[in-house]
Number of protein chains: 2
Amino acid sequence: MIKANDPKLESWIEVPKNSDFPIQNLPFGIFKGENQKPCAASIIGKKVIDLNALAQLGYFDDLAFNKNTLDKPVLNPFIRQKRKVWRMVRERLSYLLNKENATLRDNPENQGKIFHDLKDVRMKLPVRIGDYTDFYASKEHATNVGTMFRDPKNALLPNWLHLPVGYHGRASSIIVSGTPIHRPKGQTRPDADKPPVFGPSKLLDFELEMGYILGQGKRLGKSISTEEADEYIFGLSLFNDWSARDIQKWEYVPLGPFLGKNFASSLSPWIVSLDALEPFRTQQPKAEVEVLPYLRNKGKNALDIKLEVQIKPEGGKAKTVCRSNFKHMYWTMQQQLAHHTVNGCNINAGDLLASGTISGKNPSSYGSMLELSWKGTIPIKMNDGSERKFLQDGDTVIMKGYAQKSGHVRIGLGEVRTKILPAT
Amino acid sequence: MIKANDPKLESWIEVPKNSDFPIQNLPFGIFKGENQKPCAASIIGKKVIDLNALAQLGYFDDLAFNKNTLDKPVLNPFIRQKRKVWRMVRERLSYLLNKENATLRDNPENQGKIFHDLKDVRMKLPVRIGDYTDFYASKEHATNVGTMFRDPKNALLPNWLHLPVGYHGRASSIIVSGTPIHRPKGQTRPDADKPPVFGPSKLLDFELEMGYILGQGKRLGKSISTEEADEYIFGLSLFNDWSARDIQKWEYVPLGPFLGKNFASSLSPWIVSLDALEPFRTQQPKAEVEVLPYLRNKGKNALDIKLEVQIKPEGGKAKTVCRSNFKHMYWTMQQQLAHHTVNGCNINAGDLLASGTISGKNPSSYGSMLELSWKGTIPIKMNDGSERKFLQDGDTVIMKGYAQKSGHVRIGLGEVRTKILPAT
């Protein structure tokens, strides 16, 4: 077992019950404290840990890695140093924060330089995302969409069970949790007998996804096998793949989604390592057809991460509209990465891959308004009595995720929270 | 008229007849000379101009811009300074290279520090490409593909005449001219009654495109009108959008091309400014339906650039297989950029947009083997007697482009040249 995952570990820093960030998590992010430049951080309970300050104060002196990489406004240079280094730093944090360890516990002066209250800092987008790829890996989601828009009898297209369908998305418009978005404007064709029209999207939607950030590059012409894939995955964040369904519907044939998606996508600020999620590995759903050898996936490669989506109307109370689980995904991250590179496509540290909408079998587990309201035919009640088929201006969409099982400490992803402002 | 475009200008540097790079061109690129770091460059005739050396020697001292940006391995920091600066530097080069001007002409010592023979240097990818978007803007190409794969009577999909269809591509695998590629491997389904198979692509193809590089960013939530678009376009390069047709065919529904494209795309090293191409502006093809106001495009926004594609078999002589023209494009760069940002999608300096395959009406002007060989039904004869339906290992694909008309000096794009190596 990974030492830092030991459920018996406790910290001398207070961790509220059911916190997403116990000593067994220790995710990575980029924070900006008052009067200081953005730099690398971790979190425990409600305390943000300044990793650059830890380095400056000598707590990493005996660790063999480039400490200057912690003093940057993005994690790319740090994570490019590969898994050995991410692990080393997480293990060191676990050691320093352990209640048995006096090194930092009994040094209030240094504590003052290292810890910040989460409420006093600003979290930034943790990586410069070179390329972003979105998959379509939930069988339930693909089936729902195929049923609504194509043919219920042949909802899945012929390729779907043979390869993890994916497409390239826009990297520039990925924003961190807390950044509001404007309702996008665009061209739609609500009436096929009339010319298209221009205006604010009327069918604005979220998509509940997991994002995973690559930590190590691979050269053009090389591939990554499913067995090797874990070495390349730095960690996971929550991801809201905003979608304007009316724009998307009109534009997407034959080359895929474009303006219906690229106005914004939202990422949670903390990247939780695969290591921290190790206890929650589980079997993926059974393959329904035999896959080609490069997509075979031994062992437990799915992750049991409970997910939920809330909608909070302007001035109102948040209502949970979806409860899903990352383990439902038919295709795993490892299969996606193997597929992505099987043709020699190169990857870089900081690239973002996303799972696609995570829907389960139960209608309450559908990961988008499109599916939850079944194309706008089933309105969803908010706590204030109002109804939603799609999202309204003023709504805040909140996605949360955590892994929990008996004998282990809860490991949370935090949240990605985004308010929708009216079209400009 | 822009002063540097004056056809009467001549340089004291020898420019071979029909050179792509007369004094009226002066494109930008990144070169690496022997024993020096990569930095910004221009070219005249066969002489590469070290722009950083010019700055160091004081030739830009009176120009108000950040000269340190010329000392970088990519042009992004330079072009981010906006059009005024690109123009200023091009005008200064024109002034210094003018045969009437003695400043540099009579200073052989400085010349030795500034000029390099093209054959002695290595050209690098000129920009770090943040995001890459590919369009599908030739009506002839879209019609050909629709005819072959869908329905000859309804070859164009309903959205095609109403908006410039585009999709996101892979930025990481864009390589500079001269870099060989390996034939990609991947999943295909040659026989719909049998399971898919894995192996090297059998239908490797080029796509003749123009790439254009953005020089100025725009914030998330803002849009660029067709009228403003020129201010954001730093310049043009030749672009080969490699395509593995068999991989693409099996994977592309419903979310668009992915592994059939992202194994590599090739860009020519010199970025020719819109200013240099100003004399070759022409009217785009007449719109067949009225477009929405945000896509209206006043004036001459197409460019008359002659294009050709050659295939050079291993050890053999190059054969021209396509002669086309950028002016055939139904949708202009300005319309594409306006469409891309109409939903608030942000752009950054160094982003690459590409036109999509440039096919004309005449079959010899089709910009891909898919169309030239009409899906492999019409073999194309090489000079050595061999035939091509698609590309073979050992083939080198060479794309060239230049603008020429009476009363003006020829302005060339140079070439993008790529050899195909066997699958690894």
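The values are calculated or read from the model by the stated rules, or taken from the named source; none is laboratory data. Given the structure is predicted, the values throughout are model-derived calculations rather than measurements. Cβ placement follows ideal geometry from the backbone for every residue including glycine, while neighbour counts extend to all protein chains displayed. Please note that ligands, DNA and RNA were not included when accessible areas were found on the heavy atoms of the full protein model with its side chains. Shrake-Rupley method; radii C 1.70, N 1.55, O 1.52, S 1.80 Å.
Residues in segment A:244-274 that are of a type in the set (Val, Ile, Thr) and at the interface with chain B (Cβ under 8 Å from one of its Cβ atoms): A:Ile247, A:Val253.
Is there a residue in segment B:377-386 that is open to solvent by 20 Å² or more (accessible area, probe 1.4 Å) and among the aliphatic types (A, V, I, L, M)? Yes, that holds for at least one residue. The residues of segment A:22-45 that are at pLDDT 95 or above and on the phi > 0 side of the Ramachandran plot, listed by number, are A:Leu26, A:Gly45.
Within segment A:350-361, how many residues turn out to be small (Gly, Ala, Ser) and over 17 Å from A:Val272 (Cβ atoms)?
3
The rows are residues; the columns are (1) within 21 Å of A:Asp71 (Cα to Cα); (2) among the polar types (S, T, N, Q); (3) modelled with pLDDT of 95 or more.
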| position | (1), (2), (3) |
| --- | --- |
| A:Ser94 | yes, yes, yes |
| A:Asn101 | no, yes, yes |
| A:Pro108 | no, no, yes |
| A:Leu118 | yes, no, yes |
| A:Phe135 | no, no, yes |
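Flag set for B:Leu51, criterion: within 16 Å of B:Gln111 (Cβ to Cβ), buried (at least 21 other Cβ atoms within 10 Å of the Cβ) and modelled with pLDDT of 95 or more.
All conditions but one from (1) modelled with pLDDT of 95 or more; (2) open to solvent by 10 Å² or more (accessible area, probe 1.4 Å); (3) closer than 29 Å to A:Val309 by Cβ apply to A:Val253; the one that does not is (1).
Can you pull out the residues in segment A:73-97 that are touching a residue at least 24 places away in the same chain (Cβ under 8 Å) and open to solvent by less than 30 Å² (accessible area, probe 1.4 Å)? If the condition is that a residue be touching a residue at least 24 places away in the same chain (Cβ under 8 Å) and open to solvent by less than 30 Å² (accessible area, probe 1.4 Å), then A:Leu75, A:Asn76, A:Phe78, A:Ile79, A:Arg83, A:Trp86, A:Val89, A:Arg90, A:Leu93, A:Ser94, A:Leu96, A:Leu97 are the ones that fit.
For A:Gly385, the criteria (1) within 14 Å of chain B (Cβ to nearest Cβ); (2) assigned to a loop (DSSP other than H, G, I, E, B) hold in every case but one, which is (1). For segment B:168-190, a residue qualifies if it is charged (D, E, K, R), more than 7 Å from chain A (Cβ to nearest Cβ) and open to solvent by 30 Å² or more (accessible area, probe 1.4 Å), and exactly one does: B:Arg189.
Is it fair to say B:Asn107 is crowded, with 18+ Cβ neighbours inside 10 Å and not aliphatic (A, V, I, L, M)? In short, no.
I need the full set of residues from segment A:191-202 which are open to solvent by 50 Å² or more (accessible area, probe 1.4 Å) and under 22 Å from B:Ala338 (Cα atoms), in order please.
Matches in segment A:191-202: A:Pro195, A:Val197, A:Phe198, A:Pro200, A:Lys202.
The selection criterion, being touching a Leu at 6+ places or on another chain (Cβ under 8 Å) and touching a residue at least 24 places away in the same chain (Cβ under 8 Å), does not hold for B:Asn383.
Pairs meeting the criteria (first residue in segment A:290-311 and over 30 Å from A:Gly394 (Cα atoms) and at pLDDT below 95, second residue open to solvent by less than 40 Å² (accessible area, probe 1.4 Å) and assigned to a loop (DSSP other than H, G, I, E, B), beta carbons under 9 Å, at least 6 apart or on different chains) are A:Asn297/A:Thr226; A:Asn297/A:Gln284; A:Asn297/A:Val291; A:Asn297/A:Trp331; A:Asn297/A:Thr332; A:Lys298/A:Thr226.
On the given criteria, is B:Lys8 at pLDDT 95 or above, open to solvent by 50 Å² or more (accessible area, probe 1.4 Å) and either under 28 Å from B:Arg128 (Cα atoms) or in contact with a helix residue (DSSP H, G or I) (Cβ under 6 Å, 6 or more places away or on another chain) (or both)? Against the criterion (at pLDDT 95 or above, open to solvent by 50 Å² or more (accessible area, probe 1.4 Å) and either under 28 Å from B:Arg128 (Cα atoms) or in contact with a helix residue (DSSP H, G or I) (Cβ under 6 Å, 6 or more places away or on another chain) (or both)), B:Lys8 does not qualify. Which residues, taken from segment B:187-214, are touching a helix residue (DSSP H, G or I) at 6+ places or on another chain (Cβ under 8 Å) and more than 26 Å from B:Met399 (Cα to Cα)? Residues satisfying the conditions are B:Gln187, B:Thr188, B:Arg189, B:Pro190, B:Pro196, B:Phe198. Within segment A:115-137, being more than 16 Å from A:Trp270 (Cβ to Cβ), open to solvent by 20 Å² or more (accessible area, probe 1.4 Å) and acidic (Asp, Glu) holds for one residue alone: A:Asp120. For A:Asp120, are the conditions met, namely being more than 14 Å from every other protein chain (Cβ to nearest Cβ) and touching a His at 6+ places or on another chain (Cβ under 7 Å)? Against the criterion (more than 14 Å from every other protein chain (Cβ to nearest Cβ) and touching a His at 6+ places or on another chain (Cβ under 7 Å)), A:Asp120 does not qualify. From the list B:Pro38, B:Pro16, which one is within 16 Å of B:Val74 (Cβ to Cβ), surrounded by fewer than 23 Cβ atoms within 10 Å (Cβ to Cβ), touching a residue at least 12 places away in the same chain (Cβ under 8 Å) and out of contact with any Ser or Thr (no Cβ under 6 Å at 6 or more places or on another chain)? Unique residue meeting the criteria: B:Pro38.
Scoring B:Leu236 on the criteria (1) within 21 Å of A:Asn343 (Cβ to Cβ); (2) under 24 Å from the mean Cα position of the chain (by Cα); (3) open to solvent by less than 10 Å² (accessible area, probe 1.4 Å); (4) not hydroxyl-bearing (Ser, Thr, Tyr) leaves a single failure, condition (1). Listed by position, the strands (runs of 3 or more DSSP E) enclosed by segment B:275-371 that each have at least 1 residues that are within 14 Å of another protein chain (Cβ to nearest Cβ) and either crowded, with 20+ Cβ neighbours inside 10 Å or of a type in the set (Val, Ile, Thr) (or both) are B:352-354. Picking from residues in segment B:149-163 that are open to solvent by less than 20 Å² (accessible area, probe 1.4 Å) and more than 8 Å from every other protein chain (Cβ to nearest Cβ), the one that is farthest from B:Ser365 (Cα to Cα) is B:Trp160. Checking A:Gly221, A:Gly260, A:Gly211 one by one, the residue that is buried (at least 22 other Cβ atoms within 10 Å of the Cβ), of a type outside the set (S, T, N, Q) and out of contact with any Leu (no Cβ under 8 Å at 6 or more places or on another chain) is A:Gly260 and no other.
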